[in-house]
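See structure below.
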């Protein structure tokens with residue numbers, strides 16, 4: 001049982017040890033994840049150690065415990081504004097990306113106090129995969145039992161369908177702000193990349209380029225896997241006119257309708273414009289930047305809260321599907337699995353082979369080095385859970401400098417999701433085929449743009465993918481019922497997608513570091529520790 005506690009000290013070497021011990025004890029009592037506790041302790045000691053040089057003897061206030069069931073930790077030190085990482089600016093971007101997943105401290109200067117706050121995750125007694133498996137089994141069993149009895153079906157749907165609609169409505173309410181804020185705040189954070197030089201800018205550019213190239217590749221492959229329809233009178237000039245009109249419609253007529261309509265392209269366009277403006281204006285609009293970052297935290301907190309209902313949402317979607325005429329829907333689900341899972345394995349294999357050739361290392365050895373991170377992601381569907389192993393593999397096994405890994409890996413987990421490009425592309429076309437939405441060349445071209453932006457905008461939090469599905473299907477005129485199918489499929493595919501994302505990210509960062517001559521090839525070519 002955890003109780004709230006508050007203590008005061010004066011900043012010194014001994015105080016840092018005492019504060020660290022209090023935090024560890026409180027977080028352990030709150031059953032926070034052990035890896036998070038270690039990461040928080042090390043970060044706290046590093047920051048307070050840096051502040052000690054200028055603030056020795058300053059009053060320190062420590063408060064920790066629980067508020068409304070949420071574990072919290074706050075450390076404040078009186079004195080002039082220091083900045084959380086004044087002596088190690090390369091960690092600014094890393095800490096910002098980590099804070100989105102509740103994994104690190106958030107810094108603020110208020111009323112003459114340097115404040116560090118953190119809300120670590122409580123370790124779940126039952127894994128997400130176990131909950132999802134239970135939800136799927138219960139939905140299938142109960143659906144099969146109720147299916148022969150029309151009266152039971154009617155009564156069950158009268159209860160479950162409104163619940164499904166309610167949760168879906170809540171997800172839709174936050175999905176549009178999530179996409180806008182993810183793009184906007186991501187661009188604001190790019191301003192911190194000046195501390196890591198050209199490699200940071202180059203890495204982001206390459207990630208964005210690969211995302212859209214992969215989307216184009218998926219569009220080409222789709223021509224072999226899905227029926228492509230040429231619209232009546234679809235001459236080249238007519239096709240160009242529609243694509244040109246689509247590009248013009250990216251600019252919204254007002255700032256409200258994109259959020260109401262869930263127009264993905266307009267949301268991304270607005271996010272880019274606002275983020276770029278704030279980045280250019282810099283310190284002149286620092287208050288606006290801080291406000292948007294804080295709103296982003298609030299919206300992502302709400303989405304994480306909704307994410308806890310994912311197993312129940314999966315149960316409702318599958319149960320309702322079992323009680324409906326799901327024959328053709330089942331075939332669409334099978335098609336998504338049959339294309340996406342082999343496609344993800346092929347994507348990882350291509351990355352491994354490309355790395356083996358370019359980095360001149362054995363593919364078998366490379367697979368052994370990448371396997372630990374891949375397996376953690378595959379069994380947890382959590383990039384946050386695999387973060388420490390990911391960083392350790394990059395530094396110790398792949399030879400990536402720690403300074404670069406500390407900003408590139410957290411950044412990549414937010415921005416770079418090639419596995420999600422594969423899933424979104426297949427999901428979009430499968431649902432379009434199921435709901436008889438024509439798969440035209442125009443749709444394929446639009447899919448490259450929309451899927452590319454959405455894959456980068458989706459937040460790396462539980463339930464983030466669901467918010468993107470609602471926007472994706474709205475953009476292409478696919479009925480909202482497709483969300484139920486997509487949620488059911490994503491419950492399984494998310495594990496494979498996350499594993500592919502992190503593996504491709506490791507290789508991509510290694511490519512960029514090798515390209516500038518900073519890769520430690522001795523570590524790379526050394527056997528697995």
If only one of 378, 391, 353, 366 is in the same structural domain as residue 451 (by TED's automatic domain parsing) and either in contact (Cβ under 8 Å) with a residue 40 or more places away in the chain or farther than 18 Å from residue 521 by Cα (or both), which one is it? 378
Tally time: how many residues in the range 405-455 are more than 18 Å from residue 489 (Cβ to Cβ), outside any helix (DSSP H, G or I) and more than 14 Å from the chain's Cα centre (by Cα)? 4
Taking the range 495-520 and keeping only residues that are closer than 18 Å to residue 365 by Cα, surrounded by fewer than 19 Cβ atoms within 10 Å (Cβ to Cβ) and in contact with a helix residue (DSSP H, G or I) (Cβ under 8 Å, 6 or more places away or on another chain), one is left with 511
Might you check whether a residue that is surrounded by 15 or more Cβ atoms within 10 Å (Cβ to Cβ) and at pLDDT 85 or above occurs anywhere in the range 94-114? yes
Which of the numbered conditions does residue 64 fail, given that it passes all the others? Conditions: (1) surrounded by 19 or more Cβ atoms within 10 Å (Cβ to Cβ); (2) closer than 30 Å to residue 404 by Cα; (3) at pLDDT 75 or above; (4) within 31 Å of the chain's Cα centre (by Cα). (2)
Listed residues 439, 400, 404, 466; which is on the phi < 0 side of the Ramachandran plot, surrounded by fewer than 23 Cβ atoms within 10 Å (Cβ to Cβ) and in the same structural domain as residue 334 (by TED's automatic domain parsing)? 439
What tally of residues in the range 17-45 results from selecting those that are surrounded by 14 or more Cβ atoms within 10 Å (Cβ to Cβ) and more than 33 Å from the chain's Cα centre (by Cα)? 1
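Yes or no, residue by residue, for (1) at pLDDT 65 or above; (2) in contact with a helix residue (DSSP H, G or I) (Cβ under 7 Å, 6 or more places away or on another chain); (3) surrounded by 13 or more Cβ atoms within 10 Å (Cβ to Cβ):
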{"site": "199", "(1), (2), (3)": "yes, yes, yes"}
{"site": "205", "(1), (2), (3)": "yes, no, no"}
{"site": "214", "(1), (2), (3)": "yes, yes, yes"}
{"site": "220", "(1), (2), (3)": "yes, no, no"}
{"site": "236", "(1), (2), (3)": "no, no, no"}
{"site": "245", "(1), (2), (3)": "yes, no, no"}
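The values are calculated or read from the model by the stated rules, or taken from the named source; none is laboratory data. Source: prediction; values computed, not measured. Note: ideal-geometry Cβ built from the backbone for every residue, glycine included; neighbour counts use all protein chains shown.
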